[in-house]
Amino acid sequence: MKNQKSLKLNAVISLVKAFMNIVFPIVSFPYASRILLPDGIGRVNFANSVVEYFIMLSVLGINLYAAREAARIRDDKDKLNALSREIIFINLISTAFSFGLLLFAIFFVEKFSDYRVLLIICSTKVLFTTLGMEWLYNAEEEYGYVTVRQTVFQVLSLVFLFSLVKTKDDYMIYAGIGVFSNVGSNIFNLLYSRKFINLFAKTQLNLKRHIKPVMTFFGISVAGKINSALDAVMLGFMLNDAAVGYYSAAIKISRLVKEMITSAICSFMPRSSYYLEHNQIDEYMKIVSSVCNATYFFSIPAAIGLMLLSEPLIFLFSGEAYLPAAPAMKVMSFSIIGMCSTSFLNQIIITPLRKEKFSLLAQSIAVVTNITLNVFLILRLEVLGAAIATTIVEFVLPLVLFFPSFRFLKSLKNLIGIMKSVTGSIVMYLLISAVCGHIENPLAKIGCSIVVGACTYAIVELLLRNETASLLSAMLMKQLKKHFAR
């Protein structure tokens with residue numbers, strides 16, 4: 001058996017990666033939104049939302065499936081080579097079909113005529129997604145490499161952004177920079193994959209064994225993409241580009257925070273699959289308990305904090321022109337809890353246990369709910385209506401997934417951990433409101449709220465002996481002792 005990487009280190013590296021995903025938009029989005037204005041940002045986001053559907057078709061939902069299966073057999077080089085060749089072969093076929101369908105849509109769908117050049121630029125991402133093989137690096141727990149690669153391309157993208165995007169008419173260049181980052185990362189992934197697999201090794205292809213699970217994961221992916229991109233697309237069709245721009249500003253920060261938390265959750269999926277494959281049930285249950293506690297330890301105060309700071313955050317990151325998006329952001333801040341709950345249940349319980357049919361059921365119910373709510377609410381409340389629909393849907397998903405996961409969650413310890421996080425978040429809310437609520441300067445208000453909120457929450461959780469707080473405190477003390485011992 002290979003030496004196992006540290007789960008704590010994996011989680012920390014994943015948090016660093018997610019943190020860079022937050023820092024990059026913090027630097028880039030305020031600049032881009034002020035230069036391109038709501039119309040320009042809206043056009044690019046609309047094009048990217050459309051292309052995302054075709055990327056989904058090219059990937060077929062294979063990433064999560066392949067990561068799980070590769071994690072189970074990563075100690076067997078021959079089996080891993082065979083699996084990799086089969087997965088890539090399937091993906092190449094689906095990519096060719098998807099790209100051809102996208103080109104047809106670009107030239108024959110009337111709505112896309114005004115976006116044709118922009119869509120062609122963004123469509124390049126479809127061709128290179130398969131080559132990225134993100135599933136392989138998840139299975140091998142190569143989070144260090146992924147973080148370094150991502151950081152390099154983010155820095156390069158920033159350089160191009162500040163150098164090339166100068167006026168509101170440069171929105172196509174802005175879209176091209178996003179394509180550069182995506183394509184470049186995938187090419188590097190292909191080259192680096194030789195460390196783990198040999199794509200030219202002679203193995204017999206057995207594609208049939210993948211058809212049923214791939215189709216299930218594809219269904220999950222289809223429904224998931226519809227849920228994540230539906231609001232922007234429907235706003236674009238039913239209202240205008242400015243509405244898409246407002247909505248994008250409102251949801252961007254909450255999704256960044258959600259991605260930071262869920263990236264750490266996802267880093268435990270390969271190990272969960274590995275433990276189950278080797279019948280190490282006690283080790284698996286430890287992961288379930290720890291990740292459950294950590295999910296709500298971070299997501300509940302994050303939701304409260306974003307709700308309190310929606311207006312200054314919108315003003316700081318997007319500019320005064322986007323302030324109408326603040327009410328929508330207040331509503332969507334609570335969707336973080338639902339999104340993180342879904343990620344925890346899917347990544348740690350449903351997928352490792354090969355119960356993905358429940359994920360498909362949950363996503364299907366969410367799609368119907370999302371479409372119904374959007375049609376009803378967007379016409380009446382516009383951007384705020386889309387925000388309300390999104391938030392409701394994000395809680396429908398974990399509610400459905402809870403039932404097949406219950407036997408792994410029924411421990412009183414998990415419920416007590418959640419209640420501790422709720423208690424700390426309430427105290428944090430009250431103190432931030434009292435101390436920072438009357439500050440007018442956006443930057444000062446954000447800074448004051450972060451300091452007061454973080455300190456208050458940490459103290460309350462340590463006093464309540466929250467498992468995650470105690471673990472983080474112990475890790476910090478260990479590092480401080482090492483530092484001062486030098």
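Per residue, the chain reaches -29000 deg cm²/dmol at 222 nm when only DSSP H runs of four or more residues are counted, each adding -39500 (n - 2.57).
Within the set of other residues whose C-beta is less than 13 Å from the C-beta of Lys413, count the net charge using Lys and Arg as +1 and Asp and Glu as -1. Each step should come with its number before you reach the end.
On the way: positive: Lys286, Lys410, Lys420, Arg465; negative: Glu467.
Once positives and negatives cancel, what remains is +3.
Candidate cross-link partners of Lys195 among the lysines, defined by an alpha-carbon separation under 21 Å and a same-chain spacing of 8 or more, comprise Lys2, Lys5, Lys77, Lys79.
Karplus-derived 3J(HN,Hα) values for the range 308-315, using 6.51 cos²θ - 1.76 cosθ + 1.60 with θ = phi - 60°, are 5, 10, 4, 5, x, 5, 4, 4 Hz; glycine and proline are entered as x.
Applying 1/(1 + (r/R0)^6) with R0 = 35 Å to the Cβ-Cβ distance of Lys357 and Glu110 gives a FRET efficiency near 0.40. Here the accessible area of the chain is 69 percent carbon and sulfur, with a 1.4 angstrom probe and all protein chains present. One entry in (1) 0.95; (2) 1.05; (3) 1.15 is Rg/Rh (Cα atoms, Kirkwood Rh) calculated from the shown coordinates; its label is (1). By the Cβ-Cβ criterion of under 4.7 Å, the unpaired cysteines of the chain are Cys122, Cys266, Cys292, Cys340, Cys455.
Each principal axis of the Cα cloud of the range 407-459 was evaluated for its coordinate range; sorted largest first, these ranges are 49, 16, 15 Å.
3J(HN,Hα) couplings calculated from phi for the range 285-300 with the Karplus curve 6.51 cos²θ - 1.76 cosθ + 1.60 (θ = phi - 60°) are, in sequence order, 5, 4, 5, 4, 5, 5, 5, 4, 5, 5, 4, 7, 4, 9, 6, 5 Hz; Gly and Pro show x. Take each peptide in 264-275, 148-159, count the other Cβ atoms within 10 Å of every residue, and average; sorted highest first, the result is 264-275, 148-159.
Distance between the 7 Å Cα→Cβ label points at Ile450 and Ala474: 2.9 nm. Think of the chain as having a plus end and a minus end, set by charges on the Cβ of Lys, Arg, Asp and Glu; of Ala302, Asn227, Leu83, Leu83 sits farthest toward the positive end of this dipole. Simple spin-label estimate for Phe200 and Asp169 gives 4.9 nm between the two label positions (7 Å along the Cα-to-Cβ direction from each Cα). Can you run phi through the Karplus equation (6.51, -1.76, 1.60; θ = phi - 60°) for the range 194-211 and list ³J(HN,Hα) in whole Hz, with x for Gly and Pro? Calculated HN-Hα couplings, in order: 4, 5, 10, 9, 10, 5, 9, 5, 7, 9, 7, 7, 10, 6, 4, 5, 9, 4 Hz. If you take all other residues with their beta carbon under 13 Å from the beta carbon of Asn466, and give Lys and Arg +1 and Asp and Glu -1, the sum is +1. Counting only residues at least eight positions apart within a chain, or on another chain, the aspartates and glutamates with an alpha carbon under 17 Å from that of Lys355 are Glu69, Glu277.
Could you state the accessible area per residue of the chain in Å², with a 1.4 Å probe and every protein chain left in place?
Working: 22020 Å² over 486 residues.
Roughly 45 Å² per residue, with all protein chains present.
Give the lysines whose C-alpha is closer than 25 Å to that of Lys357, dropping any in the same chain fewer than 8 places away, or say none. Within reach: Lys208, Lys212, Lys225, Lys258, Lys286, Lys410.
Taking other residues whose beta carbon is less than 13 angstrom from the beta carbon of Gly437, and scoring Lys, Arg as +1 and Asp, Glu as -1, yields -1.
The values are calculated or read from the model by the stated rules, or taken from the named source; none is laboratory data. Fair warning: this is a prediction, and the values are worked out from it, not measured in the lab. Counting neighbours? That spans all protein chains shown, and the Cβs are built from the backbone with ideal geometry, glycine included. Note: accessible area is taken over every heavy atom of the protein model, side chains too, but ligands, DNA and RNA are not part of it. Shrake-Rupley method; radii C 1.70, N 1.55, O 1.52, S 1.80 Å.
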